[in-house]
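Trainee: Sending over a structure as structure tokens; questions will come in a sec.
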Amino acid sequence: MRTTLTIPSWWSVLLKDILETDPDVPESLEAFVPSLERLSSYLNDTASRERRTAPYLRDLRLRHAYLLYFATANLGKLSVPLFELRQSVAFRGKSVLRVLDLGCGPGTGIAGLHAFLGGLSSPPVVELLAVDAVQENIHLAARVGEHARRLTGLPVSVRIAAMNITRPYATWGERFDLVIAMNVLNELPLQHEARWRNGIMEQLTEDGHLLLIEPALRETGRRLLAFRDASIDEGWTVYAPCFRQADCPALERETDWCHHDIPWVRPSFIAWLDERIGNIKKSLKFSYVILNRHGETLSAHLPFTPARRVVSERFDEKGRTWCFVCGSDGRHVCQRNRRDRGPSNEAFDHVERYDILALEDVEQRVHDLRIPPTGAVRILSVSGE
Ligand SMILES: C[S@@+](CC[C@H](N)C(=O)[O-])C[C@H]1O[C@@H](n2cnc3c(N)ncnc32)[C@H](O)[C@@H]1O
């Protein structure tokens, strides 16, 4: 999605109602700064969390600080994969969408769904079950759901359940079109991951999808990619962002991972808090993967095969323009020398991270793909409703 994300205006009204502090008067947010600093250092310290995660959101001040800062950024991220998922059988033509939000926190996914559905001309009715190990979170999530519904008028009903989602009995006896786990995988013990994935399988409708979003840190991003690879080994299909149903090339080198990076209109209260905590969120960076059991892929809904995903930024150098692209045959440097620029490939001047490309008549060399003067480059858009 080549766009700049905007957080809907009802969100700051909701924050004001729930936090009893007006985010549009940033000076009144001073009281949140110490909690935000604590949260930031905890969430970024992936090494210590690997050994043990804590139910940190039980603390009211941390929970409210999370809602104010992290939920604001995370809710915007959800729209990006949902935009791609909108093409799927599970979304198209369904008047009721059943959603399970695992590790819902203070209601980020609920808010993100409202933001996404608000952009659709005929949004489905959403029945959402929000689950978290922390009781206080699900109660806050329910309040966020009530306020969001009142403010947006969208038909999103919310039920809540407190549960440790890695326990073998963590099932709900019902099936969902979409299971969301946002920023949760990195908090689950590695040894329970496979069991958790199998449990989700029991939770999906025949054409349902599992959407995981993770922070774009190296460790969390790589864990998501390893989860992706293990899922494929167990018969899952990657719907998006990958066009490759085999091992992820980014896992070959310890220093690599794969993530999106999308510009957003940073709310002024986030800019103010960033300044205070030194954590500049000028764009939204995150990793995601959408998986299913029924074999559906985003590429089947695109007007060109084989599509490739841009998986790095674009580098404009003196003699050439290049980026990394990833497709069914793996990841390659894709480059165009300055002298080879022409009408059929000038779109290459504008490619951005996670764009989907149709490349025609390009030259496959040992170490890269070369776009010759006659080579064609198109940036594919995932078509609308
Ligand atoms: C970083 S927060 C993410 C919240 C929200 N999904 C978001 O993206 O903003 C991680 C959440 O996962 C929950 N969580 C972690 N381990 C869990 C488990 N085993 N069972 C249920 N919830 C869990 C935590 O309580 C916390 O609310």
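Trainee: So H114 clears everything in (1) modelled with pLDDT under 95; (2) outside any loop (DSSP other than H, G, I, E, B) except one condition, right? Which one?
Mentor: Unmet for H114, out of (1) modelled with pLDDT under 95; (2) outside any loop (DSSP other than H, G, I, E, B): (1).
Trainee: Kindly provide the set of residues from segment 54-69 that are of a type outside the set (S, T, Y) and either touching a residue at least 60 places away in the same chain (Cβ under 8 Å) or not assigned by TED's automatic domain parsing to the domain that holds K281 (or both), ordered by number.
Mentor: P55, L57, R58, L60, R63, L67, L68
Trainee: Determine, yes or no, whether F83 is aromatic (F, W, Y), outside any strand (DSSP E or B) and within 16 Å of the ligand (Cβ to nearest atom).
Mentor: It is false that F83 is aromatic (F, W, Y), outside any strand (DSSP E or B) and within 16 Å of the ligand (Cβ to nearest atom).
Trainee: Need the failing condition index for Y169 against (1) touching a residue at least 24 places away in the same chain (Cβ under 8 Å); (2) surrounded by fewer than 17 Cβ atoms within 10 Å (Cβ to Cβ); (3) within 17 Å of A130 (Cα to Cα), just the number.
Mentor: Failing condition for Y169: (1).
Trainee: Is it the case, given these coordinates, that R222 is at pLDDT 95 or above, among the basic types (K, R), farther than 20 Å from M201 by Cα and surrounded by 15 or more Cβ atoms within 10 Å (Cβ to Cβ)?
Mentor: Yes: the conditions hold for R222.
Trainee: Does at least one position in segment 84-94 carry a residue that is in contact with a Lys or Arg (Cβ under 9 Å, 6 or more places away or on another chain), of a type in the set (G, A, S) and either surrounded by 20 or more Cβ atoms within 10 Å (Cβ to Cβ) or assigned by TED's automatic domain parsing to the domain that holds D45 (or both)?
Mentor: No, segment 84-94 contains no residue that is in contact with a Lys or Arg (Cβ under 9 Å, 6 or more places away or on another chain), of a type in the set (G, A, S) and either surrounded by 20 or more Cβ atoms within 10 Å (Cβ to Cβ) or assigned by TED's automatic domain parsing to the domain that holds D45 (or both).
Trainee: Among the candidates L212, L204, which residue alone is within 14 Å of the ligand (Cβ to nearest atom), of a type outside the set (D, E, K, R) and buried (at least 16 other Cβ atoms within 10 Å of the Cβ)?
Mentor: L212
Trainee: Please work out which one of (1) buried (at least 18 other Cβ atoms within 10 Å of the Cβ); (2) touching a helix residue (DSSP H, G or I) at 6+ places or on another chain (Cβ under 9 Å) is the condition R58 fails and give its number.
Mentor: It fails just one condition, (1).
Trainee: Can you pull out the strands (runs of 3 or more DSSP E) entirely within segment 268-370 that have at least 3 residues that are in contact with a Gly (Cβ under 8 Å, 6 or more places away or on another chain) and in the same structural domain as T220 (by TED's automatic domain parsing)?
Mentor: Of the strands (runs of 3 or more DSSP E) lying wholly inside segment 268-370, those with at least 3 residues that are in contact with a Gly (Cβ under 8 Å, 6 or more places away or on another chain) and in the same structural domain as T220 (by TED's automatic domain parsing) span 283-292.
Trainee: While we're here: Given the condition more than 8 Å from the ligand (Cβ to nearest atom) and among the hydrophobic types (A, V, I, L, M, F, W, C), answer yes or no: does some residue in segment 98-106 qualify?
Mentor: The answer is yes, given that some residue of segment 98-106 is more than 8 Å from the ligand (Cβ to nearest atom) and among the hydrophobic types (A, V, I, L, M, F, W, C).
Trainee: Look at segment 131-149 and say how many of its residues are out of contact with any Lys or Arg (no Cβ under 8 Å at 6 or more places or on another chain), among the hydrophobic types (A, V, I, L, M, F, W, C) and surrounded by 18 or more Cβ atoms within 10 Å (Cβ to Cβ).
Mentor: Number satisfying all stated conditions: 6.
The values are calculated or read from the model by the stated rules, or taken from the named source; none is laboratory data. No experiment lies behind these values; they were computed from the predicted model shown. Reconstructed Cβ throughout: ideal geometry from the backbone, glycine too, with neighbour counts over all protein chains shown.
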